[in-house]
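Below: one structure, written as C-alpha cells.
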Amino acid sequence: MFSLAFNKSNEVPACHSFEKTSALPSTRSKQYECAYKNDLLDGEFKQYFDNGQLSTQLTFKADKKEGKAIYYWRNGKINSEGNTKDGKETGDWKYYYSDGTLKYDFKLSDKGDYTGPYKWYYSNGKIKEEANYNASGKLEGTTKEYNKDGTLEAVFEYKEDGMQSFKYYD
C-alpha cells in the first residue's frame, strides 16, 4: 500500500494511509511519501520541504532504515549520503556544504563507530584534517591538520592506548 501524508501547519506528521484522491486542497503541500507492508514502513520513503523540494530519501525494511540514505539541502544539493543497515548508519558516508563541496568523508562500522580513513575539508575544498580509525573506533596512526590555505599545521601520532606524540608547525 502506498501512503501519503500532508500537513498544513508546522506539525510533524507520520505517514498515514490515504485512499486515492482526485485533488489536494491548494493550501496543503506534500510532506511525505512512504510505503507500508504489514503495518510497518517497508520500501521507499521520501520527505519534502514545505516548498516541495525533496529533503530526505531513504529505504525501509520492516520499520528500519536499510540501504542508501540521502539528505538534501533546501537548494536541492545533497547534504549527506551514505548507507544504513538494521536502522543504523553504517559504511561509507559523505557530508557536503550547501554549495555541494565535500565537507566530510568517512566510514562507520556496524556499531556506528568511525573506522578507516576520515577526511574533513574546508569549504574551499582543501583538506582540513585527515585521520585513521581502527576497528575499535579509536584513532590510530598519523592524524594531520591543515590550515585553510592547505599548509600543514599539526601532526599527531596515535596508537590503541591514545596519543603518542604531536608536533605543531608555524
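Taken together, the values in this text are just the output of simple stated rules run on the coordinates, not laboratory data. All figures in this text were calculated on a predicted structure; none of them were measured in a lab. Here Cβ is always computed from backbone atoms with ideal geometry, including for glycine, and neighbour counts include all displayed protein chains.
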Across the stretch 56-62, in residue order, what do the Karplus-derived ³J(HN,Hα) couplings come to in whole Hz, using 6.51 cos²θ - 1.76 cosθ + 1.60 with θ = phi - 60° and x for Gly and Pro?
-> 8, 9, 9, 10, 10, 9, 6
Which value in nm describes the separation of the simple spin-label points at THR101 and LYS68, placed 7 Å from the Cα toward the beta carbon?
-> 2.6 nm
Take the stretch 50-110, drop everything but the C-alpha atoms, weight them equally and run the Debye formula without solvent; then report log10 I(q)/I(0) at 0.28 Å⁻¹ to two decimals.
-> -1.09
Amide H partners (placed H, <5 Å) of TRP73, local residues excluded = ILE78, ASN79
Can you give me the P(r) profile for the stretch 44-161? Cα pairs, bins 5 angstrom wide beginning at 0, each as a whole percent.
-> 2, 12, 16, 18, 18, 15, 10, 6, 3, 1
Taking N as the number of residues in the stretch 131-170, what is its alpha-carbon radius of gyration divided by 2.2 N^0.38 Å?
-> 1.24
Relative contact order computed over the stretch 130-170 (Cα-Cα under 8 Å; 6+ residues apart), in percent | 29 percent
Extension gain, ASP170 back to GLU81 (0.36 nm per residue minus Cα-Cα distance, nm) = 28.4 nm
Largest-first principal axis extents of the Cα set of the stretch 32-80 (Å) = 35, 20, 9
